[in-house]
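Below is one structure, written out as structure tokens; comments come after it.
The values are calculated or read from the model by the stated rules, or taken from the named source; none is laboratory data. Everything numeric in this text was worked out from a predicted model, so none of it was measured. Note that we place each Cβ from the backbone using ideal geometry, even for glycine, and neighbour counts take in every protein chain shown.
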Amino acid sequence: MKSENVVVERTYNAPIDKVWSAITNVDEMKNWYFQLEDFKPKVGFKFDFLGGPEDGKQYLHLCEVTEVEEGKKITYSWRYDNYPGNSFVTWELFDKGDQTLLRLTHAGLDTLEEGGPDFAKENFVEGWTYFVHTALKGYLESED
């Protein structure tokens, strides 16, 4: 069964350089994203973290940066330790002057599905919607 990509878009009242920093600077990411030990927007950089449902099992995420267009786009692989499949998360930024359009695409979710119900597409939709529409928005727009 082929699943469609999850795509979540949001326009922020923040310039593109501020949004880029929020999605690539580990010190900023800790304020709204997962608690990463380290992160660098550099092809080949590997990182991992624990995450999962608030009241459920936590999974070790294994990721590697596969593409970087400085200030505009970053892609990393997204898979789970000891589970089948590999997917890719892409963050794209579009300069709108004082605002920035962010498009997050999570592709390859169909390869994760056999890992069990926690890897269902709707869980990714819910998670990415939260990060893009609530957590990142709150982080970027609270300082104004």
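All conditions but one from (1) more than 21 Å from LEU136 (Cβ to Cβ); (2) surrounded by fewer than 15 Cβ atoms within 10 Å (Cβ to Cβ); (3) of a type in the set (D, E, K, R); (4) touching a residue at least 40 places away in the same chain (Cβ under 8 Å) apply to ASP17; the one that does not is (1). Against the list (1) out of contact with any strand residue (DSSP E or B) (no Cβ under 7 Å at 6 or more places or on another chain); (2) surrounded by fewer than 16 Cβ atoms within 10 Å (Cβ to Cβ); (3) within 25 Å of TYR139 (Cβ to Cβ), the condition ALA22 fails is (2). With respect to (1) over 16 Å from the mean Cα position of the chain (by Cα); (2) farther than 17 Å from LEU112 by Cβ; (3) among the hydroxyl-bearing types (Ser, Thr, Tyr), the lone exception for TYR83 is condition (2). Just one residue in the set PRO53, PRO41 is within 30 Å of GLU114 (Cβ to Cβ) and in a loop (DSSP other than H, G, I, E, B); that residue is PRO53. When residues in the stretch 56-88 are screened for being assigned to a strand (DSSP E or B) and touching a Lys or Arg at 6+ places or on another chain (Cβ under 8 Å), 8 of them pass.
Being touching a Leu at 6+ places or on another chain (Cβ under 6 Å), among the charged types (D, E, K, R) and at pLDDT 95 or above narrows it down to one residue among LYS96, LYS18, LYS72; which is it?
Details: LYS96 fails: touching a Leu at 6+ places or on another chain (Cβ under 6 Å); LYS18 fails: touching a Leu at 6+ places or on another chain (Cβ under 6 Å).
So the residue among LYS96, LYS18, LYS72 that is touching a Leu at 6+ places or on another chain (Cβ under 6 Å), among the charged types (D, E, K, R) and at pLDDT 95 or above is LYS72.
Checking each residue in the stretch 38-88 for being acidic (Asp, Glu), out of contact with any strand residue (DSSP E or B) (no Cβ under 7 Å at 6 or more places or on another chain) and either within 17 Å of THR24 (Cβ to Cβ) or surrounded by 13 or more Cβ atoms within 10 Å (Cβ to Cβ) (or both) picks out GLU69, GLU70. Of all residues in the stretch 85-133, those satisfying the criterion of being more than 17 Å from ASN13 (Cα to Cα) and small (Gly, Ala, Ser) are GLY85, SER87, ALA107, GLY108, GLY115, GLY116, ALA120, GLY127. Restricting attention to the stretch 93-119, and to residues there that are surrounded by fewer than 17 Cβ atoms within 10 Å (Cβ to Cβ) and touching a helix residue (DSSP H, G or I) at 6+ places or on another chain (Cβ under 7 Å), which single residue is nearest to TYR59 (Cα to Cα)? By that ranking, first place goes to GLU113. One residue stands out in the stretch 20-29 among those that are in contact (Cβ under 8 Å) with a residue 24 or more places away in the chain and under 13 Å from the mean Cα position of the chain (by Cα): the one that is nearest to LYS72 (Cα to Cα), namely TRP20. The single condition among (1) within 20 Å of PHE94 (Cα to Cα); (2) in contact (Cβ under 8 Å) with a residue 60 or more places away in the chain; (3) crowded, with 16+ Cβ neighbours inside 10 Å; (4) within 13 Å of the chain's Cα centre (by Cα) that TRP32 does not meet is (1). Only a single item in (1) within 12 Å of the chain's Cα centre (by Cα); (2) farther than 17 Å from GLU9 by Cβ is not met by SER142, and it is number (1).
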